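Single-structure report; data block below.
The values are calculated or read from the model by the stated rules, or taken from the named source; none is laboratory data. Everything quoted here is computed from the prediction, not taken from an experiment. Every residue, glycine among them, receives a Cβ derived from its backbone with ideal geometry; neighbour counts consider all protein chains shown. Areas reflect the complete protein model, heavy atoms only, side chains present, ligands, DNA and RNA absent. Shrake-Rupley method; radii C 1.70, N 1.55, O 1.52, S 1.80 Å.
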2 protein chains.
Amino acid sequence: MDDIRGSLRCPIARTLDVLGDRWTLLIVRDAIAGSTRFTEFRESLGMPRDVLADRLDTLVAGGVLERRTVSREGQRARDEYFVTDVGRELMVVLGALGDWGARNRPWDEPPLVTFTDAAGTPVAPRFVSGSREVPLDEVLVAAG
Amino acid sequence: MDDIRGSLRCPIARTLDVLGDRWTLLIVRDAIAGSTRFTEFRESLGMPRDVLADRLDTLVAGGVLERRTVSREGQRARDEYFVTDVGRELMVVLGALGDWGARNRPWDEPPLVTFTDAAGTPVAPRFVSGSREVPLDEVLVAAG
DNA sequence: ACGCTAGGTCTGTTTTACAAACTCAGCTAG
DNA sequence: CTAGCTGAGTTTGTAAAACAGACCTAGCGT
């Protein structure tokens with residue numbers, strides 16, 4: 001993911017510099033769902049090893065994941081990848097993508113991750129102002 | 001944007017089949033901000049013409065944009081692209097991306113689009129349950 | 001010392017992105 | 001009527017990425 005692009009000043013474009021490819025958000029999804037090891041990501045996603053290695057580097061450099069060397073008993077030390085607080089904030093992005101997909105690209109198999117509140121009720125991102133939800137048709141779009 | 005990929009069953013993955021590349025969400029951003037013509041997108045984004053033509057086709061096929069032939073007075077008829085209701089729901093995704101970028105990738109220039117409520121107060125997507133906001137640290141992630 | 005495994009890197013091939021040139025249809029000016 | 005301009009692409013050639021598969025390496029168990 002490089003950098004120079006039209007309308008780069010926009011925060012959306014700057015976010016897509018880090019996340020805007022086929023795989024990166026799926027890696028973040030898996031990491032938020034609990035995957036930490038190279039092989040876990042690889043097996044879940046079925047993506048090429050070199051591309052995965054590259055994306056993990058990008059996500060670590062971007063502060064979304066943190067690489068830590070972990071020693072578990074009975075196993076040799078190995079690097080694992082953990083979601084940072086910054087990365088965890090992408091739950092909102094993933095929730096929005098998943099909600100859009102579930103509503104507009106229906107599919108009969110269950111999702112890989114679901115987001116719920118403490119009571120187990122599914123939650124999805126919506127625009128809020130203060131702490132009140134603002135329906136989509138009341139959201140105004142202003143060009144900068 | 002092709003189709004076969006690991007964990008394809010997940011709605012997030014299915015959404016990224018349509019939107020998961022460098023440009024597509026920026027095209028949607030511009031469309032939501034009011035752009036309709038090929039050249040408007042091209043000038044705003046500075047992307048190659050053939051890629052833009054391909055992405056517009058994909059977005060039309062995916063129901064995000066609608067292609068209409070528009071005749072304006074004093075100009076010849078030409079195709080223009082309009083956001084559908086399905087596309088408008090992507091405002092939540094764009095809002096989440098923009099909010100994440102603004103908070104974690106600060107930049108001194110203004111955004112290209114901003115979302116506000118009727119009073120002009122900025123709004124950003126947050127998880128809600130019923131109509132109450134659920135703080136991020138109370139959102140539970142369950143693997144499917 | 002030997003092989004196994006996790007986590008990569010390297011090589012060669014296919015896709016995709018990209019920039020620049022070309023096309024084509026519908027005005028618009030001469 | 002013809003000539004040129006403009007918007008919206010398409011074509012062509014080249015550079016960068018993605019991809020599949022083979023290869024490599026460190027540490028561990030036996």
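General remarks:
- Residues satisfying the stated conditions in segment A:17-32, i.e. at pLDDT 95 or above and within 9 Å of chain B (Cβ to nearest Cβ): A:L19, A:W23, A:T24, A:L25, A:L26, A:R29, A:D30, A:I32
- Selected residue (criterion: farthest from the other protein chains (Cβ to nearest Cβ)) from residues of segment A:112-144 that are closer than 24 Å to B:G98 by Cβ and assigned to a loop (DSSP other than H, G, I, E, B): A:P135
- Check on A:L94, touching a helix residue (DSSP H, G or I) at 6+ places or on another chain (Cβ under 8 Å), at pLDDT 95 or above and under 15 Å from B:G144 (Cα atoms): yes
- Taken over segment B:69-111, the criterion of being β-branched (V, I, T) and in a helix (DSSP H, G or I) is satisfied by B:V86, B:V92, B:V93.
- From A:V83, A:V64, A:V18, A:V93, residue being within 18 Å of B:G101 (Cβ to Cβ), in contact (Cβ under 8 Å) with a residue 40 or more places away in the chain and within 16 Å of DNA strand D (Cβ to nearest atom): A:V18
- The set of residues in segment B:54-73 being within 11 Å of DNA strand C (Cβ to nearest atom), surrounded by 13 or more Cβ atoms within 10 Å (Cβ to Cβ) and not β-branched (V, I, T) consists of B:D54, B:R55.
- Members of segment B:72-100 that are facing another protein chain (nearest Cβ under 7 Å) and either hydrophobic (A, V, I, L, M, F, W, C) or touching a Ser or Thr at 6+ places or on another chain (Cβ under 8 Å) (or both): B:V86, B:L90, B:M91, B:V92, B:V93, B:L94, B:A96, B:L97, B:G98, B:W100
- Scope segment A:101-111; condition farther than 26 Å from A:L16 by Cα, within 7 Å of chain B (Cβ to nearest Cβ) and either open to solvent by less than 20 Å² (accessible area, probe 1.4 Å) or of a type in the set (D, E) (or both); matching residues: A:E109
- From B:A13, B:A77, B:A96, B:A31, residue being open to solvent by 20 Å² or more (accessible area, probe 1.4 Å) and hydrophobic (A, V, I, L, M, F, W, C): B:A77
- A:R132 vs. criteria basic (K, R), closer than 20 Å to B:S131 by Cβ and free of Cβ contacts under 8 Å to residues at least 60 places away in the same chain: yes
- Yes/no for A:E43 being at pLDDT below 95, farther than 25 Å from B:P122 by Cβ and part of a helix (DSSP H, G or I): yes
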